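What follows is a single structure, written as structure tokens, with notes after it.
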Amino acid sequence: MSIEFNSSTDDDDFVEIDAEELAEWLPSEENEEDDVSLSDVLDMEQDDGDVEDDENAYVSSSDVQQNPKQRQRMNDLKKRGYGAVSIYRDILDGAGELSELEDSISALSELVTDYGDPEALDELITLFGELEEDFAESALGMVEEFFVEFATSEILSIGDSNLGESPEQVTIELQQQLVHALSLNMPGPRSALGRIFTAFSENSNFADDPQIQSLSYEFGKN
């Protein structure tokens, strides 16, 4: 069965539409509640995308990927390490202990090398800029030695399960973070900066970096 529609005043011109095809396009009273609009489809696709993004975030989250023992260890280190700058300022005011500061430095160092924690590195950099050699020589020496050792590392011993990136990539990113901070603010004693920049210049990750080579030469001079 076909239905003929006049498309003009000319009787010979018409469009023929099959009735079954027409029925497919017309809304069905029985299925009105089941009809899905284009906006509904787009909303559902958007929801799917949100779920996928959340799942990716879940997979790449270090806290999620760590086993309970690793997570507990990292949290303990954060409690000991974070706030090292405040501890040092308390010592300056006569209200803190040097041993507590040194323990915080050790914890921050472990957070960087074992967990790739950029916030722990920031804390060490800030502390390095504030420590007075005559007042806290041992603490300053600890940070300096850590930075020198860290600058020579081509890859940190960070487990893949702790990261969303490879240990190699995290190592370079953290080292670039330190290089940027030191070259921008020049904190700490000149002799310490010379040792750190020299260590970076001998690291294959920075062998072709002209800035590192220049800083190593400049601060390495007596």
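If you check I158 against the conditions, is it part of a loop (DSSP other than H, G, I, E, B) and buried (at least 21 other Cβ atoms within 10 Å of the Cβ)? In short, yes.
Please verify whether segment 169-182 includes one or more residues that are part of a loop (DSSP other than H, G, I, E, B) and open to solvent by 20 Å² or more (accessible area, probe 1.4 Å). No. Go through the residues of segment 84-92 one by one and say whether even a single one is under 25 Å from E123 (Cβ atoms) and either at pLDDT below 50 or loosely packed, with under 10 Cβ neighbours inside 10 Å (or both). No, the conditions are met nowhere in segment 84-92. Out of all the residues in segment 183-217, which are open to solvent by 80 Å² or more (accessible area, probe 1.4 Å) and farther than 11 Å from A151 by Cβ? Across segment 183-217, the qualifying residues are L184, N185, R190, S191, D208, P210, Q211, Y217. Among the numbered conditions (1) touching a helix residue (DSSP H, G or I) at 6+ places or on another chain (Cβ under 8 Å); (2) modelled with pLDDT of 90 or more, the only one that V170 does not meet is (1). So which residues in segment 108-122 are among the acidic types (D, E) and surrounded by 22 or more Cβ atoms within 10 Å (Cβ to Cβ)? Residue satisfying the conditions is D117 alone. When P210 is tested against (1) touching a residue at least 12 places away in the same chain (Cβ under 8 Å); (2) more than 21 Å from V85 (Cβ to Cβ), exactly one condition is not met: (1). When restricted to residues that are closer than 13 Å to G188 by Cα, in a helix (DSSP H, G or I) and either of a type in the set (D, E, K, R) or over 28 Å from the mean Cα position of the chain (by Cα) (or both), segment 96-138 contains 2. Within segment 176-197, one or more residues are touching a helix residue (DSSP H, G or I) at 6+ places or on another chain (Cβ under 8 Å), over 21 Å from L108 (Cα atoms) and basic (K, R).
The values are calculated or read from the model by the stated rules, or taken from the named source; none is laboratory data. Keep in mind that what you see is a predicted model, and the values were worked out from it rather than measured. As a convention, Cβ positions derive from the backbone with ideal geometry for all residues, glycine included, and neighbour counts pool all protein chains shown. Heads up: the accessible areas ignore ligands, DNA and RNA and are worked out on the full protein's heavy atoms, side chains in. Shrake-Rupley method; radii C 1.70, N 1.55, O 1.52, S 1.80 Å.
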